[in-house]
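First comes the structure, then the notes that go with it.
Just so it is clear, none of the values below were taken in a lab; they were calculated from the coordinates. Keep in mind the model is a prediction, meaning the values are calculated, not measured. Reconstructed Cβ throughout: ideal geometry from the backbone, glycine too, with neighbour counts over all protein chains shown.
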Amino acid sequence: MLKFKSFGSGSSGNCYYLSNGEDALLIDAGVGIRALKRYFKEAQLKIDNVRGVLITHDHADHIKAVAHLANDYRIPVYTTTKIHEGIRKSYCVTENIEAEYVKLLEKEQETEIGCFSVCSFEVPHDGTDNVGYRIRTEGKTFCVLTDIGHITPTAEQMIKDANYLVLESNYDNSMLEMGPYPAYLKERIGGENGHLCNTDAAKALAENYHEGLTHVWLCHLSEENNHPTIVEKCIGAHLYEIGLIVGKDISIEVLRRKVPSDMYEL
Ligand SMILES: [Zn+2]
Ligand SMILES: [Zn+2]
């Protein structure tokens, strides 16, 4: 049985936990190490079971705790060479990851980590380098598409492959447009290499839906330019158009920004 839990999702910090009951992976390490330790304890999880942390890109909200996890807890850090370079240069990582925990991934290549088969792939965003992940275990496929400015053919393929999907749904178009952000920031977020809006997330789901896709978690919601009820309404409407009822035909959950999610047993 697979288990999934979010420890935080959004610009304040991203970190996801995936386990088969024995081996576990973390995807991103953007939640502070003290909070992370507390969340593990509260959920009765063991950090010792984490076989690796996969990093999507080098923005602070994805890497804050990465050196602690590596050097203090001996967890190998897997990502591309460029993202590792970005982590080394980042203002928010004060300690370098010790060499033995630096593990390099090539995009589009399978790497075995514990009982997981992991494949990273390019996504359009504005970190030093940016990847999503496809993780396979026990005949199931779990995909993570976060911090993705627009949906690429590769991203579409990942949705088609996924049984379980974490998908960014960052902002509502009109809230971003009418909201308080300065023009340059609106442009960055709404740009090709920025974040994904609710409508694009909804369209991507509706266009690439298949019966094997049973669970979707919408992630990285903006605090200022989005709201869970708006996301749910938007996604629900698009899926209804292709004949799907959320909660019956497919499970859709919105991940909260600063609060851990339930533990989902899949
Ligand atoms: Zn982010
Ligand atoms: Zn980012």
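Could you name the aspartates and glutamates in cross-link range of Lys233, using Cα to Cα under 18 Å and dropping any fewer than eight places away on the same chain?
Glu168, Asp172, Asp200, Glu207, Glu223, Glu224, Glu241, Asp249, Glu253
Order the peptides 160-168, 148-156, 209-217, 91-99 from the highest to the lowest mean number of other Cβ atoms within 10 Å of their residues.
My ranking of the peptides, most packed first, is 160-168, 148-156, 209-217, 91-99.
Express the relative contact order of the chain as a whole percentage, based on alpha carbon pairs under 8 Å and six or more residues apart in sequence.
19 percent
Enumerate the helices in the chain for which the Kyte-Doolittle hydropathy averages -1.0 or more and the C-alpha atoms extend at least 18 Å along the helix's axis, using complete DSSP H runs.
Result, helices passing both filters: 228-241.
In percent, how large is the relative contact order of the range 1-72, given Cα pairs closer than 8 Å and 6 or more residues apart?
So the answer I get is 31 percent.
Which lysines have a Cα less than 18 Å from the Cα of Lys258, not counting those fewer than 8 places away in the same chain?
Answer for Lys258, where 18 Å is the Cα cut-off: Lys5, Lys37, Lys41, Lys64, listed by chain and number.
Which whole-number percent gives the relative contact order of the range 210-266, counting Cα pairs below 8 Å spaced six or more residues apart?
49 percent
Apply the Karplus parameterisation 6.51 cos²θ - 1.76 cosθ + 1.60, with θ equal to phi minus 60°, to every residue of the range 117-133 and state each ³J(HN,Hα) to the nearest whole Hz, in sequence, with x for glycine and proline.
10, 10, 10, 9, 8, 5, 10, x, 7, 10, x, 4, 7, 9, 9, x, 10
Tell me, what HN-Hα J-couplings in whole Hz come from the Karplus equation 6.51 cos²θ - 1.76 cosθ + 1.60 at θ = phi - 60° for each residue of the range 15-28, using x for Gly and Pro?
6, 10, 10, 9, 8, 9, x, 10, 7, 9, 10, 10, 10, 6
So for each of 21-34, 169-182 I average, over its residues, the number of other beta carbons within 10 Å; can you give me the resulting order with the highest mean first?
Order by mean packing, descending: 21-34, 169-182.
Within 10 Å, count the other beta carbons around each residue, average over each peptide in 117-130, 4-17, and list them highest first.
Order by mean packing, descending: 4-17, 117-130.
Straight-line reach from Lys89: which aspartates and glutamates have a Cα under 12 Å away, not including same-chain ones fewer than 8 places off?
Asp58
For the range 49-102, with the dipole built from +1 on Lys and Arg beta-carbon atoms and -1 on Asp and Glu ones, taken about the Cα centre, which of Thr56, Tyr73, Ile97 lies farthest toward the positive end?
Thr56
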